[in-house]
Amino acid sequence: MTLQGVLNADLGQGSINRNIYGHFSEHLGRCIYEGIWVGEDSPIPNTNGIRNDVLEALKQIKIPVLRWPGGCFADEYHWKDGIGPREARKEMINTHWGGVVENNHFGTHEFMELCAQLECEPYINGNVGSGTVQEMSEWVEYLTFGGKSPMSDLRGQNGHEEPWKVTYFGVGNENWGCGGNMRPEYYADLYRRFQTYVRNYDDNKIHRIACGPNSDDYNWTEVLMREAGRFMDSITLHYYTLPTGDWTDKGEATGFDEAAWFTTLKKAMYMDELITRHSTIMDKYDPEGRVGLIVDEWGTWYNVEPGTNPGFLYQQNTIRDALVAGLTFHIFHKHSGRVRMANIAQTVNVLQAVILTEGEKMILTPTYHVFDMYKVHQDAELLELSLDGGSYKLGDEEIPAVTATASRDAQGAIHISFCNLQADSASQVKLDLRGLALGDLSITGSTLAGDKIDAHNTFEQPEAVAPKAFNDFSLENGALSVTLPAMSVTTLELAVK
Ligand code: AHR
């Protein structure tokens, strides 16, 4: 069977915010320490303490924005413990994540240095759960105040005279859970209070982000938008894909069967319904669409790798994760009117990581390769693409066999990305191309496919899953025919010669 579709290259649907390709790095397990920060004295090559291999890999995928320091850690973090001479910094116990000692060596200055090296925007998440209004307000002053003030003086004493630019600031994280177990009414009032003191200094304009719902908690969104919508620039949404849906036994990252493959993809697709329904509530209180929806935690969450600290959330990453990433980006693109940022959880060594490290070794995961293949969609114009995605059936259930998205970049090149979700068969797609001159088109492609359902990279075989040049397509009578390998993510570039 051939799946039929139409690409209307002259029907732009708005811009795909590059921040949809954002990341999240928490003080959790080996994400910050070992994964990103090794310190200046480490034998691992680094620049000002930040490991060079990870940095280069992240630059390659043009990471646009990075959220820090949590997550649950954010509502236990006291930023003043993480400034000044490192040897003198106060130690704490990271009670959420493994009960390990946090030496606070990676703090505000180190994070801002990381963002400078990555050339990405910082997204700082403040502490509402165990912090004070004064503490949050002083952090913003320390970061962004350019004149003479107690906090800017302190920043200068710590070696950074100039203020930094900080656009994105989150007022608490998961305040319905680890961030204080609050009711939405209570948090809405706290949000209104805290954000009052998140000031704009000089020409630094802060985008204030309110803590949003846990997956389908529509009441949280309703209350927040009603009570505090006018005080926020964005509200967050957190949704994780667990194969089993059971937090006590989430399912395995590798060694799973086709049923787990199928349910994982189906559960990842639930993101579409979540965004649609939260957006409908937002539309009621914000019909002009001023307030953004930021999905600042998303991705797969499995049982940890055997033998690793359960509090470190370290998991492998397979071709299944690549498909979760690809289809989720298609959903974010579709909702790019409201979805202005998303941050995969998390960048290195935690959950659906794009990079795994072991000592001085580093590997790129299949999810990394999707970020790389999809960077062409950053800030591009979303194009109208309709596709009868067919159906992939398992037992009584079905999901589309193929999902797709298309955009046009600033140079006029069109990129079409496809996910073939079928574990055991290729999919044929025929797309009518409308609204573009076909005569001078040159088409190239790359594909990321698995040779088995849990294909993944290891430190011994780092290239087992890597993109390859793709040419299984033809253009005839205005129609583009493509044969997508089983379990694959594919991107085609249509450029005018
Ligand atoms: O990403 C791991 C954790 O998941 C975050 O700390 C928290 O916000 C969420 O529950």
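The values are calculated or read from the model by the stated rules, or taken from the named source; none is laboratory data. Being a predicted model, the structure only gives us computed values, none of them experimental. A quick note on method: Cβ atoms are made from the backbone with ideal geometry, for glycine too, and the neighbour counts reach across all protein chains shown. Quick note on the areas: whole protein, heavy atoms, side chains included, nothing else; ligands and nucleic acids left out. Shrake-Rupley method; radii C 1.70, N 1.55, O 1.52, S 1.80 Å.
Using a 4.7 Å Cβ-Cβ cutoff, the cysteines of the chain lacking any partner cysteine are C31, C115, C120, C211, C419. With all protein chains in place and ligands, DNA and RNA left out, the 1.4 Å accessible area ranks L364, L492 as L364, L492, largest first. By the combined test of axial Cα extent (at least 30 Å) and Kyte-Doolittle hydropathy (mean at least -0.5), the qualifying DSSP H helices of the chain come to 258-285.
Along its three principal directions, the equivalent ellipsoid of segment 152-242 from the Cα gyration tensor extends over semi-axes of 29, 15, 12 Å, largest first. Using the alpha-carbon positions of segment 319-408, Rg (one decimal) and Dmax (whole number) come out as 15.2, 47 Å. Under 17 Å between alpha carbons, and skipping anything fewer than 8 positions from K334 in its own chain: which lysines qualify? Leaving aside lysines fewer than 8 places away in the same chain, those within reach of K334 are K375. Highest mean packing comes first when the peptides 109-122, 192-205 are listed by Cβ atoms within 10 Å, giving 109-122, 192-205. Of the cross-linked pairs K59/K468; K266/K497; K80/K148; K361/K497; K250/K361, those separated by over 30 Å at the C-alpha level are K266/K497; K361/K497. Using only Cα positions of segment 380-497, each an equal point scatterer, no hydration layer, compute I(q)/I(0) via Debye at q = 0.23 Å⁻¹ and quote the log10 values to two decimals. The computed values of log10 I(q)/I(0) come out as -1.35.
At 1.567 mPa s and 4 °C, plugging the Kirkwood radius over alpha-carbon pairs of segment 82-166 into Stokes-Einstein gives what diffusion coefficient in µm²/s? So the translational diffusion coefficient is about 92 µm²/s.
What is the calculated FRET efficiency for E463 to E56, with r their C-beta to C-beta distance and R₀ = 22 Å, to the nearest 0.05? The pair E463/E56 has a calculated efficiency of 0.85. For K393, the aspartates and glutamates whose Cα comes closer than 12 Å to its Cα, not counting residues fewer than 8 places off in the same chain, are E258, D424.
Cα-based radius of gyration for segment 244-288, normalised by 2.2 N^0.38 Å, reads 1.66. Taking only alpha carbon atoms, segment 117-165 gives an Rg to Rh ratio of 1.01, where Rh is the Kirkwood radius. Return the tail of the calculated pair distribution for the chain, meaning the percent of Cα-Cα pairs more than 36 Å apart. Tail of P(r) above 36 Å: 30 percent of Cα pairs. Size of segment 262-309 from its Cα atoms: along the principal axes, largest to smallest, the extents are 50, 25, 10 Å. In the distance distribution for segment 259-413, Cα-Cα pairs more than 20 Å apart total 57 percent. Scalar couplings 3J(HN,Hα) for segment 25-34, obtained by applying the Karplus form with A = 6.51, B = -1.76, C = 1.60 to θ = phi - 60°, are 10, 10, 6, 8, x, 9, 6, 6, 7, 5 Hz; x denotes Gly and Pro.
Bridges between two residues of segment 59-199, per DSSP, are antiparallel at a rate of about 25%. The order of D379, D81 by accessible area, most exposed first and with a 1.4 Å probe, is D379, D81. Across all directions, the average flat footprint of the convex hull enclosing the Cα atoms of segment 176-290 is 9.2 nm². Beta bridges assigned by DSSP with both partners in the chain are antiparallel in approximately 60 percent of cases. Solvent exposure of the chain, expressed per residue, is 38 Å² of accessible area, with all protein chains present and a 1.4 angstrom probe. Express in % the proportion of alpha carbon pairs of segment 73-225 at distances exceeding 18 Å. In whole percent, the share of Cα-Cα pairs in segment 73-225 beyond 18 Å is 60.
Karplus-based coupling profile of segment 483-496, in residue order and whole Hz: 10, 8, x, 4, 6, 9, 10, 10, 10, 10, 10, 10, 10, 7, with θ = phi - 60° in 6.51 cos²θ - 1.76 cosθ + 1.60 and x standing for Gly or Pro.
I need the Debye-formula profile for segment 238-337: one equal scatterer per C-alpha, no solvent, reported as log10 I(q)/I(0) at q = 0.18 1/Å, two decimals. Scattering profile of segment 238-337, log10 relative to I(0): -0.86. Segment 177-200 and segment 293-323 have their alpha-carbon centroids 28 Å apart. The largest accessible area among W176, W220, W164 belongs to the first residue in W176, W164, W220, and the rest follow in falling order (1.4 Å probe, all chains).
Once you reduce segment 375-419 and segment 2-75 to the center of their Cα atoms, the two points are 22 Å from each other. Per residue, the convex hull spanned by the Cα atoms of segment 432-497 measures out at 91 cubic angstrom.
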